1. Keeping to the stretch 185-220, report how many residues are aliphatic (A, V, I, L, M) and assigned to a helix (DSSP H, G or I).
2. Taking residue 94 and the conditions (1) touching a residue at least 60 places away in the same chain (Cβ under 8 Å); (2) of a type in the set (Phe, Trp, Tyr); (3) open to solvent by less than 10 Å² (accessible area, probe 1.4 Å), which numbered condition does it fall short on, given that it satisfies the others?
3. Would you mention how many residues in the stretch 221-238 are assigned to a strand (DSSP E or B) and open to solvent by less than 50 Å² (accessible area, probe 1.4 Å)?
4. Regarding residue 3, is this residue at pLDDT below 95, over 17 Å from the mean Cα position of the chain (by Cα), among the β-branched types (Val, Ile, Thr) and open to solvent by 60 Å² or more (accessible area, probe 1.4 Å)?
5. Out of the stretch 104-138, which residues are buried (at least 22 other Cβ atoms within 10 Å of the Cβ), in contact with a Ser or Thr (Cβ under 6 Å, 6 or more places away or on another chain) and not in a helix (DSSP H, G or I)?
6. Taking the criterion of being modelled with pLDDT of 95 or more, over 18 Å from residue 156 (Cα atoms) and in a helix (DSSP H, G or I), would at least one residue in the stretch 81-101 satisfy it?
7. Do the conditions hold for residue 182, that is, is it closer than 21 Å to residue 144 by Cβ and either over 19 Å from the mean Cα position of the chain (by Cα) or in a helix (DSSP H, G or I) (or both)?
8. Please enumerate the residues belonging to the stretch 56-81 that are over 10 Å from residue 138 (Cβ atoms) and touching a helix residue (DSSP H, G or I) at 6+ places or on another chain (Cβ under 7 Å).
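The values are calculated or read from the model by the stated rules, or taken from the named source; none is laboratory data. If you're wondering where the values come from, they're calculated on a predicted model, not measured in any experiment. Note: ideal-geometry Cβ built from the backbone for every residue, glycine included; neighbour counts use all protein chains shown. The protein model used for the area step is the full one, side chains on, heavy atoms only, and it has no ligands, DNA or RNA in it. Shrake-Rupley method; radii C 1.70, N 1.55, O 1.52, S 1.80 Å.
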Amino acid sequence: MKTKSLLFILFLFFGIAAYAGTIHTVQVYSDSMNKEVDALVITPDREGSFPVIYLLHGHGGHFKKWLEIKPELPEIADRYGVVFVLPDAKNSWYWDSPKDPSYRYETFVAKELVAYVDGNYPTIRDRSKRAITGLSMGGHGGLWISIRNPSVFGAGGSTSGGVDIRPFPKNWHMNLQLGDYETNQEIWDNHTVFTQVDSLKNGDLALIIDCGYGDFFFEVNNALHDKLMALGIDHDYLVRPGIHNDAYWAVSIDYQILFFMKYFNKK
């Protein structure tokens, strides 16, 4: 009798655990760039309409990167009742490049991709049910896009983000989008998250930022935290041991998802 009961409990446990969201691989046409852009959309395996978290990859990454880092995303989508969207953005830093008109990834993500997702999936079409975050270059993108598009996103985040690009003028192909730092300093000043926060008022966005102590972006994240504190902008700032790698992001995204779900569920 005890054996049967145990088997029944195990059946229930593994039956519940087996539920997972559905992964959709799509190509979204961008009018602004005149091309198709790859993306993954992960939807819960249940009825209803759901909030959305956009997850942005880093430099050298691709649209499947977050699923490689966090293979449990389909289970998380189903458990929490949330849609995840993972777009490809090449090495764009999620700007509308002032130098290269074929790189308009802020417009693509904030306008074209959101419109596509809301038009084809069971989403709640309101800024209060949309968040965007990412890793490294995508951390810059999560904050850049949310700060500049507050009517679209109610929450923004960054994990290990390049939140101030100016200390790194020779790195990660940023000069291809902005021009050389030496002759385009004003453009660089205007295309970094660190200066964009000057436009924020407290309460405009729900913000979460995290970075590992051993990360090469730790100092710029710490400086951004200090600046937000000086401006009186509420935000969650998490620091813990870790470096700029998949192992750190696989854990940090759990904290960020919980933060966003709390924001989505607030009265």
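1. Step one: list which residues in the stretch 185-220 are aliphatic (A, V, I, L, M), which gives 187, 193, 197, 200, 205-209, 220.
Still in the running and assigned to a helix (DSSP H, G or I): 187, 193, 197, 220.
Total satisfying the criteria: 4.
2. (1)
3. Taking the stretch 221-238 first, the residues assigned to a strand (DSSP E or B) are 236-238.
After this cut, where a residue has to be open to solvent by less than 50 Å² (accessible area, probe 1.4 Å) as well, the list is 237.
Summing the residues that are assigned to a strand (DSSP E or B) and open to solvent by less than 50 Å² (accessible area, probe 1.4 Å) in the stretch 221-238 gives 1.
4. Spelling it out, residue 3 is indeed at pLDDT below 95, over 17 Å from the mean Cα position of the chain (by Cα), among the β-branched types (Val, Ile, Thr) and open to solvent by 60 Å² or more (accessible area, probe 1.4 Å).
5. Those that are buried (at least 22 other Cβ atoms within 10 Å of the Cβ), in contact with a Ser or Thr (Cβ under 6 Å, 6 or more places away or on another chain) and not in a helix (DSSP H, G or I): 132, 135, 136.
6. Checking the stretch 81-101: not a single residue is modelled with pLDDT of 95 or more, over 18 Å from residue 156 (Cα atoms) and in a helix (DSSP H, G or I).
7. So residue 182 fails the test.
8. Of all residues in the stretch 56-81, those over 10 Å from residue 138 (Cβ atoms) come to 60, 62-64, 67-81.
Within the stretch 56-81, 67, 69, 70, 73, 76, 80 qualify.
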